[in-house]
Amino acid sequence: MMPRKLIPPEPWWPQAADLIVRCSLSLREAAAELGVDLTIEEAENIKHRKLFQKALEDAKIAFYTEIGSSPKLSKDLVVGQVYKLAGRLAEEGEAYKATDALLKLAKIRGWVGNEPDSFYDLFRDLSQKDIDEMKQKLSLRAEEEAQAPAEQPTETDPPPERPN
């Protein structure tokens, strides 16, 4: 059996791959958008070719890179998307999946997931340098307090106030 003859990629393949990725079109639909008429057999043959698969993968990478680098991409956008999809799952009777999506939303928002380590939220923005400086200041303060003579209250001094 002889290997297939190498057929170079068509110039419209990258554009078709981009339409497939961005608009969720089939190969035949994308080709039609570009003015190329394909039969079902031709579309099937092209769809499975390695060079077309490469064009499709390149289009996916470019599209996802564009989305990921968008300044509009934010935590709030992700939360909104998850909430919308959870609602759709609930409407479709997929309560378990909807609940899972909402739990993931709660984790994204920081509502759940940090309970065992409550100090995480308190100290998460501190660098090791900041922590070391605070330790040093506390050590100096403790030494100063240990060396200072203990003041004894006199009978005329009012009693110290207790914090609430």
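Mind listing whichever residues of region 13-36 are assigned to a loop (DSSP other than H, G, I, E, B) and in contact with a helix residue (DSSP H, G or I) (Cβ under 7 Å, 6 or more places away or on another chain)?
Across region 13-36, the qualifying residues are Leu25, Leu34.
With the structure loaded, tell me whether Glu66 is loosely packed, with under 10 Cβ neighbours inside 10 Å and part of a helix (DSSP H, G or I) or whether it fails that test.
no
Determine, yes or no, whether Lys50 is within 33 Å of the chain's Cα centre (by Cα) and over 30 Å from Gln81 (Cβ atoms).
So Lys50 fits the description; yes.
Only residues that are farther than 16 Å from Pro9 by Cα and assigned to a loop (DSSP other than H, G, I, E, B): list them for region 38-48, please.
Thr39
Can you pull out the residues in region 28-42 that are within 35 Å of the chain's Cα centre (by Cα) and either in contact (Cβ under 8 Å) with a residue 24 or more places away in the chain or closer than 20 Å to Leu6 by Cβ (or both)?
Of everything in region 28-42, nothing turns out to be within 35 Å of the chain's Cα centre (by Cα) and either in contact (Cβ under 8 Å) with a residue 24 or more places away in the chain or closer than 20 Å to Leu6 by Cβ (or both).
May I ask you to list pairs of residues, at least six apart or on different chains, whose Cβ atoms are under 6 Å apart, with the first in region 87-110 being closer than 21 Å to Lys75 by Cβ and among the small types (Gly, Ala, Ser) and the second being open to solvent by less than 80 Å² (accessible area, probe 1.4 Å) and outside any helix (DSSP H, G or I)?
Ala106/Val112
Which residue, of Lys84, Lys72, Lys60, is surrounded by fewer than 10 Cβ atoms within 10 Å (Cβ to Cβ), within 20 Å of the chain's Cα centre (by Cα) and under 30 Å from Arg109 (Cα atoms)?
Lys72
For region 87-110, name all the residues that are in a helix (DSSP H, G or I) and open to solvent by 70 Å² or more (accessible area, probe 1.4 Å).
Result: Arg88, Glu91, Tyr96, Lys97, Thr99, Leu102, Leu103, Lys104, Lys107, Arg109.
The values are calculated or read from the model by the stated rules, or taken from the named source; none is laboratory data. Please read all numbers here as calculations on a predicted model, not as lab measurements. FYI the Cβ positions are ideal-geometry reconstructions off the backbone, even for glycines, and counts take in every protein chain you see. Ligands, DNA and RNA are stripped out before the accessible areas are found, and what is left, the full protein with its side chains, is counted by its heavy atoms. Shrake-Rupley method; radii C 1.70, N 1.55, O 1.52, S 1.80 Å.
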